[in-house]
Amino acid sequence: MKTLNKYFIAALMIPALASCNQDKIDQLSSENEQLATRTTELNTEVEKYLKTFNEIEANLREIKAREDKLNLSAEDNVEYQNEDNASTMVEDIKAINALMAENREKMAELQQSLDQAGSEYKKMVNNLNYRIKQKDTEIAEMKSNLDSLNTENVQLSQNIETLTKTVDTLSFQKEENMATIEEQKSKIDEQTTSLNTAFVAIGTGKALEDEEVVVKEGGILGIGSTDKLNKKLNENAFSKIDITEVKSIPVSAKKVELITTHPEGSYEFETSEDEKIEKLVILDPTKFWEASKYLVVKVD
């Protein structure tokens, strides 16, 4: 009987135990589901944090790239000589400011989400905050440098404008001076040519009279008269010569007489073997032509 009772009690306990185990299994399953859900939520949160970190890191890399570009421009003064490059730099600064503002907003959201997070996350956030503050300081310095460079660029532009006006004025004055110099040179050339030009007329007495180069003066009925240079010279009867080049004048006559006045010793006649006068040789051009630039030679 006792044995039967044991089996009876055992039979009664089996459903209870089964029910208890099922409850435990259901509880464990529920806890497992909760843990899985929490794990999924944690994974989602971690992914969100990592995504935010990556976005901030990407922004920081872009800021660094723009900083490098601006630093390169700052070292190269030539790029500040026109407004287009200065405008590009301003746009880069604006882009950096926008990225920094976005970083600060993301960091605020991340900080709020991580208030209850572990120390490692907080260290990462603090490190990012520190780096962002550093960038704020660097950007403020870059803005200051850019303002200084813009001021220098304005001053340089004004200096260039002033220099350009000065160059234009000097160029105009140079053109005027060159015109004046050319005019003076032309006058000097004309004067030099005039000073070095002499007029020569050679012919018999009758020919010279007919050409109105000489006139008879004195004497009676032509006897004892002398040939004198006509006061109203016929310029067409004379040939022009350059006294710096012509050192001798052909006459080819048996008898030669100089009607115009020329100092003795400043010239001589060169004769041929048959005692014919071949030419007049000018020994001292300065002395020969000092009294007159006209030479009239009467030949027979």
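Values quoted throughout were computed directly from the atomic coordinates according to the rules given, and no laboratory measurement underlies them. Values in this document were obtained by computation on a predicted structure and should not be read as measured data. Because the Cβ atoms are built from the backbone with ideal geometry, glycine has one as well, and the counts that use them run over all protein chains shown.
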Quiz item: At residue 195 and residue 242, where each label point lies 7 Å from the Cα along Cα→Cβ, what is the point-to-point distance in nanometres?
Solution: 1.6 nm
Quiz item: residue 136 versus residue 155, label points 7 Å from Cα toward the beta carbon: distance in nm?
Solution: 3.2 nm
Exercise. Please order 178, 100 by the number of other Cβ within 10 Å, starting at the fewest.
Key: 178, 100
Quiz prompt | Burial order of peptide ranges 159-172, 140-153 (average beta-carbon count within 10 Å, highest first) | solution = 140-153, 159-172
Quiz item: When the convex hull of the Cα atoms of the range 194-299 is projected onto a plane and the area is averaged over all directions, what value comes out in nm²?
Solution: 7.3 nm²
Self-check item: Entries of 232/298; 185/232; 51/94; 185/279; 64/106; 228/287 with Cα pairs more than 30 Å apart
Solution: 185/232; 185/279
